[in-house]
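Novice: One structure coming up, written as structure tokens, with questions to follow.
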Amino acid sequence: MALIEFRGVQKAFGPKRVFIDLNLDIHEGESITIIGGSGMGKSVLLKLLIGLLETDGGSILFDGEQIVNASPKTLTKVRRRIGMLFQGAALFDSLSVGENVAYGLREHLQMSEEAIAERVHESLDSVGLPGIEDMWPADLSGGMKKRVGLARAIAVHPEVLLYDEPTTGLDPINVTRINRLILSLKEKLQVTSIVVTHDMQSAFITSDRLAMIDDGHVIFQGTPDEIRRTEDRRVRDFIEGNADEDLDTETLLRRGG
Amino acid sequence: MTATDAPPPPRGPLPKGGVVGAGDSIYRFFQHVGRVTILTRRTFVTLFRTRLDWRAFVDQLDALGVKSLGIGAATAIFVGIVMAIQFAFSLERFGAKDTVGRIVGLSEARELAPALTSLVVGSRIAAAMAAELGSMSVTQQVDAIRALGADPIRKLVVPRVLAGIIVIPLIACIALVLGVLSAMLICNISFGIEMPFFLSTAIDAVTMKDFMAGMGKTPFFGFLTTILACYLGLETRGGTEGVGRSTASAVVVVSISILIADAVLTQLFLSL
Ligand SMILES: Nc1ncnc2c1ncn2[C@@H]1O[C@H](COP(=O)(O)OP(=O)(O)OP(=O)(O)O)[C@@H](O)[C@H]1O
Ligand SMILES: [Mg+2]
């Protein structure tokens, strides 16, 4: 049995149908990358998994527990096992970096102040930002914010990590650094990771498997080798960055750029 | 489930007027009322069932109380001065200058200090709160709280509402003192009314019942201000523009609600 199972998931926002019939299995310990055009619902997929958004139909199982229509208790239990890096980092402006990273620890675990400080230090250290506990989110660069967001997600030692575009908008050095971090977290802590990205280079480096979402379905899943060899036109176009010459602007806009 | 798990409130173009437009706005109005009611219920359930987040609560006491003292005091002093001049001027014509202290004391205690201060301070608090929570919503900080296994109602709403219920009455009490004292001063300077006389008549005129009829309204104002600001803040969608919209709505909605609540509560307390 897979650790996470999406079965026939449907999701619409008003008239906009994001997922029509989405099926995807994610296995324990694997690192899977979700690719797909902008606005195809990659962020929505991650939010459905931890119950930040509600599904309109279908089922999502996490380690055998149903997420769809789950009670607040179940959701909290599940959320404690999953860490998420948000697309915009979503750091708490009103808290220092140290308090941001400590947030989940204070919430769930009965830890002493020393143990919390220790864990915060260790988490910041592993994202390559040791000793910045007393800085404030407003004073950080975009790349630093992302890494602090990641430190906050890993501080509680989750079993699953969700990365929403961890490398978008970062310089090449930070991209490499984040990719290394994703790999090392997988190796050191055996976390299952789900990475959403547009960055194919990173995707090939960090993932065991890739899945592509298009028009409400998973249209392809396979290993990096399989995706390189696929004949599927839509997948090829996406990974090679081909834009259809005769697509008019309207179609492009409708597809969400 | 928290309030923020519920589907977003109805949006779309503003009603164009006419029967359909009116029906639509009435429908939306009651939908908002329903959602505020749900948020209120959850807030009180959370308040009584879970541990209070003391840090956030103390932060809110500071943000609401200490930071509103200035505007609260300024309002109280100038309202006190203006009312004293108006009363003294009118009453002098009827040869009833002696009653100025009594009338100022009564109107300050029953209405001016509680309602007017709540209105001004409440608007300030509502704008700041809706803007803060609105920014948190649109930058996914509220989602992040939930993702970290915490409850936004416990972490954000309860400390704010509780602080509002405590802070607004305190500021109203301070406003009462400042209002009467500034009235006393101006009456002495401009109308030659002796200060001890003014003060003793003012204090004599106000019974415990008057005091309670005025101040008893303030916890409700504090509650209304904060719960509405939290609601509008947490429901914010649509980036920085959305934050601007929520902030503006918060000022309007909170002011109108305080005025309506004042009318209702004043009548209610009179009939008790
Ligand atoms: N809370 C929401 N309310 C309304 N519509 C939403 C909401 N969240 C997402 N959407 C819509 O769902 C669609 C998918 O959004 P999502 O953020 O998942 O895209 P994405 O694949 O992550 O895109 P990107 O790569 O640009 O981040 C978009 O059209 C978006 O407008
Ligand atoms: Mg996204």
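The values are calculated or read from the model by the stated rules, or taken from the named source; none is laboratory data. No experiment lies behind these values; they were computed from the predicted model shown. With ideal geometry, Cβ positions are generated from the backbone for all residues, glycine too; neighbour counts draw on all protein chains shown. Areas reflect the complete protein model, heavy atoms only, side chains present, ligands, DNA and RNA absent. Shrake-Rupley method; radii C 1.70, N 1.55, O 1.52, S 1.80 Å.
Novice: Given the options A:203, A:211, A:243, which has the most mean-square fluctuation in a GNM of chain A, springs set between C-alpha atoms less than 10 angstrom apart?
Specialist: Of the options given, A:243 has the highest mean-square fluctuation.
Novice: While we're on this one: Would you mind giving the total buried accessible surface between chains B and A, with a 1.4 Å probe and ligands, DNA and RNA left out, rounded to the nearest 100 Å²?
Specialist: The contact between A and B buries close to 1800 Å².
Novice: Continuing with this model, one more query. Between the alpha-carbon centers of the stretch B:19-39 and the stretch A:64-100, tell me the distance in whole angstrom.
Specialist: 31 Å
Novice: I've got another one for you. Tally up the carbon and sulfur contribution to the accessible surface of the stretch B:68-271 as a whole percent, 1.4 Å probe, everything protein left in place.
Specialist: 74 percent
Novice: Step through the residues of the stretch A:204-209 one at a time and calculate ³J(HN,Hα) from phi using the Karplus curve (6.51 cos²θ - 1.76 cosθ + 1.60, θ = phi - 60°), rounding each to whole Hz and writing x for Gly and Pro.
Specialist: 5, 5, 8, 10, 7, 9
Novice: Still on this structure, I have one more. How far is the Cα center of the stretch A:186-204 from the Cα center of the stretch B:189-249, in Å?
Specialist: 54 Å
Novice: Per residue, how large is the accessible surface of the protein assembly as shown? Use a 1.4 angstrom probe and give square angstrom. Write out the running numbers ahead of the final one.
Specialist: Working: 24730 Å² over 529 residues.
For the protein assembly as shown, the solvent-accessible area averages 47 Å² per residue.
Novice: Taking residue A:188 as the anchor, which aspartates and glutamates have their alpha carbon closer than 15 Å to its alpha carbon, excluding any fewer than eight residues away along the same chain?
Specialist: A:28, A:30, A:122, A:125, A:159
Novice: What does a probe at residue A:230 reach in the stretch A:157-183, counting residues whose amide N is under 19 Å from the point 7 Å along Cα→Cβ?
Specialist: Only A:165 pass the distance filter.
Novice: Let me ask something additional. Out of residues 5 or more away from residue A:28 or on other chains, whose amide H comes under 5 Å of its own, with H placed 1.01 Å from N in the peptide plane?
Specialist: Sorted by chain and number, the residues that satisfy this are A:3.
Novice: A follow-up question, please. Need the full-extension length gain, residue A:221 to residue A:7, defined as separation in residues times 0.36 nm minus the C-alpha distance. One decimal, nm.
Specialist: 75.6 nm
Novice: Still on this structure, I have one more. Taking all protein chains as present, what is the carbon and sulfur share of the accessible area of the stretch A:142-202, in % to the nearest whole number, probe 1.4 Å?
Specialist: Heavy-atom surface of the stretch A:142-202 belonging to carbon and sulfur, 1.4 Å probe: 53 percent.
Novice: With the cut-off at 1.5 for a/c, could you classify the stretch A:106-237 from its C-alpha gyration tensor as rounded, prolate or oblate?
Specialist: prolate
Novice: Oh, and also: Share of antiparallel DSSP beta bridges in the protein assembly as shown, in percent to the nearest 5? Don't skip to the end; give the middle numbers.
Specialist: Numbers: 19 of 36 bridges.
So the antiparallel bridges amount to about 55 percent of the total.
Novice: Near the amide H of residue A:218, under 5 Å away, which other amide H atoms are found, from residues 5 or more places off or on another chain, if H is placed in the peptide plane?
Specialist: Amide H to amide H, under 5 Å and 5 or more residues apart or across chains, residue A:218 pairs with A:23.
Novice: Taking a cut-off of 14 Å between Cα atoms, list the aspartates and glutamates near residue B:217, but don't count ones fewer than 8 places away on the same chain.
Specialist: B:108, B:111, B:262
Novice: Please work out how much length the chain gains when fully extended from residue A:66 to residue A:198, using 0.36 nm per residue of separation minus the C-alpha to C-alpha distance, in nm with one decimal.
Specialist: 44.6 nm
Novice: Still on this model: Where in the stretch A:76-97 does accessible area fall by at least 50 Å² between the isolated chain and the complete protein assembly, at a 1.4 Å probe radius?
Specialist: A:79, A:86, A:92
Novice: Using θ = phi - 60° and the Karplus curve 6.51 cos²θ - 1.76 cosθ + 1.60, what whole-Hz ³J(HN,Hα) does each residue of the stretch A:150-161 get, with Gly and Pro shown as x?
Specialist: Each residue's phi maps through the Karplus curve to give 5, 4, 5, 5, 8, 4, 7, 6, x, 8, 10, 10 Hz.
Novice: Going by alpha carbons, how many degrees (0 to 90, nearest 10) lie between the helix axis of B:218-234 and the longest principal axis of chain B?
Specialist: Once rounded, one gets 30 degrees.
Novice: Once phi is turned into θ = phi - 60°, what whole-Hz ³J(HN,Hα) does the Karplus curve with 6.51, -1.76 and 1.60 give for every residue of the stretch A:227-241, x standing for Gly and Pro?
Specialist: Residue by residue, the stretch A:227-241 yields 5, 5, 8, 5, 9, 4, 4, 5, 5, 4, 4, 5, 6, 8, x Hz.
Novice: Related question: Given a Förster distance of 35 Å, report the FRET efficiency between residue B:90 and residue B:252 from their Cβ-Cβ distance, rounded to the nearest 0.05.
Specialist: 0.60
Novice: Check residue A:84: other-chain or 5+ apart residues with amide H under 5 Å from its amide H, H built from backbone geometry?
Specialist: Under 5 Å from the amide H of residue A:84: A:162.
Novice: Further, regarding this structure: May I ask you to list the lysines whose Cα is less than 20 Å away from that of residue A:11, ignoring any residue fewer than eight positions away on the same chain?
Specialist: Correct list for residue A:11: A:42, A:47.
Novice: Can I ask one more? Just check the protein assembly as shown against the gyration tensor rule for me: Cα atoms, a ≥ b ≥ c as the square roots of the eigenvalues, rounded for a/c under 1.5, and otherwise prolate or oblate depending on whether a/b exceeds b/c.
Specialist: Verdict is prolate for the protein assembly as shown.
Novice: Size of the dipole of the protein assembly as shown about the Cα centre, Lys and Arg at +1 and Asp and Glu at -1 on the beta carbon, nothing else charged, in debye to 20? Each step should come with its number before you reach the end.
Specialist: Working: 52 positive and 58 negative charges, 295 e Å.
It comes to approximately 1420 debye.
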